[in-house]
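First up is the structure itself, then whatever we jot down about it.
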Amino acid sequence: MKILVIFIDMIRPNRLATFNSQIKGDNPLDVSLKELGGTYFKNCFSPGPDTPRGIATFTSGKIPYLNGCDTRVKWPRYFLDGNLKTIYDFFIENNYKMTFFSNPNERETGIFPDYISTMDVHNKDYRLDEYLSNITLEDDHFVFVGLPDYHWSFDDNGYTTHGEQQAYTDTKESYDLIFKNLNKDDFDHIFVFSDHGFKFTHEIKREKKVLLLNEDRTNIVMIHRMKGEDDIKYSDKLCSIADIYSTVEGLFKEKISNGVSL
């Protein structure tokens, strides 16, 4: 079984025509996302709307106050409860080859548990095209691709609608490299997700502080594609970033220990 996970940092679904029918016209990234197919979840949320807590929830299948990463400065490498079984353990126990591409600086900061961070399965620099072109898929293979481009682009260009358009263009460029090098139908399962959303500068200035944690930050992108699913199906069911863990567990075990499979 081959599984691909694509993590797009900070992307906000209610700004994408893919997820929000009130948005008229596809931006460049919408075009690419719609080419994947599968189930697109409109009501998926992160219980911790920042990268440390969001990724810790993805990693452990547990919400922040149960996994050790219960504030926005507690990264999985240093604070994730070592007694918890992680999503990566399912692949290690089943002798999967594992391949990771991520921002080296973010990896050093702590996006992965320590025992994953120190494995020789990671990219050395941020040359995505070159790295993916050298991957040889095996029968049992887990591939993780982290894309920080959306977040980076906003930081460079400002949290404005202009910055947003540049962020979509930059992210599409990296996202398209994935499927330039990897055939989507080589994978039994593909997951595309974000860890949290964001606020524009003008929203922070004009809105009440209580709205800082509304769906703009907590609603996340979630797509699950099984091999051969070229059409798009939309699901309105309430789900969580933690449900990727449960879904993967269900692929290896008859009984899921916690949560609900997508």
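Quickly run through region 236-258 and pick out the residues that are among the polar types (S, T, N, Q) and farther than 20 Å from ARG217 by Cα. Please lay out each step first, then the result.
Filtering region 236-258 down to residues among the polar types (S, T, N, Q) leaves 240, 246-247, 257-258.
Correct list: SER246, THR247, SER257, ASN258.
Considering region 85-101, the residues that are assigned to a helix (DSSP H, G or I), of a type outside the set (A, V, I, L, M) and in contact with a helix residue (DSSP H, G or I) (Cβ under 9 Å, 6 or more places away or on another chain) include one that is most open to solvent (accessible area, probe 1.4 Å), namely GLU93.
The selection criterion, being of a type outside the set (Asp, Glu) and open to solvent by 30 Å² or more (accessible area, probe 1.4 Å), holds for MET119.
Among the residues of region 147-174, those that are of a type in the set (Phe, Trp, Tyr) and under 17 Å from the mean Cα position of the chain (by Cα) comprise TYR150, TRP152, TYR168.
Restricted to region 51-84, and to residues that are of a type in the set (A, V, I, L, M) and either free of Cβ contacts under 8 Å to residues at least 12 places away in the same chain or farther than 19 Å from PHE198 by Cα (or both), which residue is surrounded by the most Cβ atoms within 10 Å (Cβ to Cβ)? Give the derivation first.
In the first step, residues of region 51-84 are kept if they are of a type in the set (A, V, I, L, M); the result is 55-56, 63, 66, 73, 80, 84.
Next, only the ones that are either free of Cβ contacts under 8 Å to residues at least 12 places away in the same chain or farther than 19 Å from PHE198 by Cα (or both) stay: 63, 66, 80, 84.
Working: ILE63: 19, LEU66: 16, LEU80: 24, LEU84: 16.
Among those residues, the one meeting the criterion is LEU80.
Kindly provide the set of residues from region 152-162 that are farther than 24 Å from PRO104 by Cβ and either outside any helix (DSSP H, G or I) or open to solvent by less than 50 Å² (accessible area, probe 1.4 Å) (or both), ordered by number.
Kept after step one, since they are farther than 24 Å from PRO104 by Cβ, are these residues of region 152-162: 158-162.
GLY158, TYR159, THR160, listed by residue number.
Considered as a group, the residues in region 195-232 that are within 17 Å of the chain's Cα centre (by Cα) and assigned to a strand (DSSP E or B) include one that is surrounded by the most Cβ atoms within 10 Å (Cβ to Cβ), and that residue is MET222. Which of the residues that make up region 24-50 are open to solvent by 10 Å² or more (accessible area, probe 1.4 Å), part of a helix (DSSP H, G or I) and either under 25 Å from ARG107 (Cβ atoms) or touching an Asp or Glu at 6+ places or on another chain (Cβ under 8 Å) (or both)? Selection gives LYS34 alone.
Here is a check on your reading of the model: is ASP185 under 20 Å from the mean Cα position of the chain (by Cα), of a type in the set (D, E, K, R), closer than 22 Å to PHE91 by Cα and open to solvent by less than 20 Å² (accessible area, probe 1.4 Å)? The answer is no for ASP185.
The values are calculated or read from the model by the stated rules, or taken from the named source; none is laboratory data. The structure displayed is predicted, hence computed values, not measured ones. Counting neighbours? That spans all protein chains shown, and the Cβs are built from the backbone with ideal geometry, glycine included. With ligands, DNA and RNA removed, areas are computed over all heavy atoms of the protein, side chains included. Shrake-Rupley method; radii C 1.70, N 1.55, O 1.52, S 1.80 Å.
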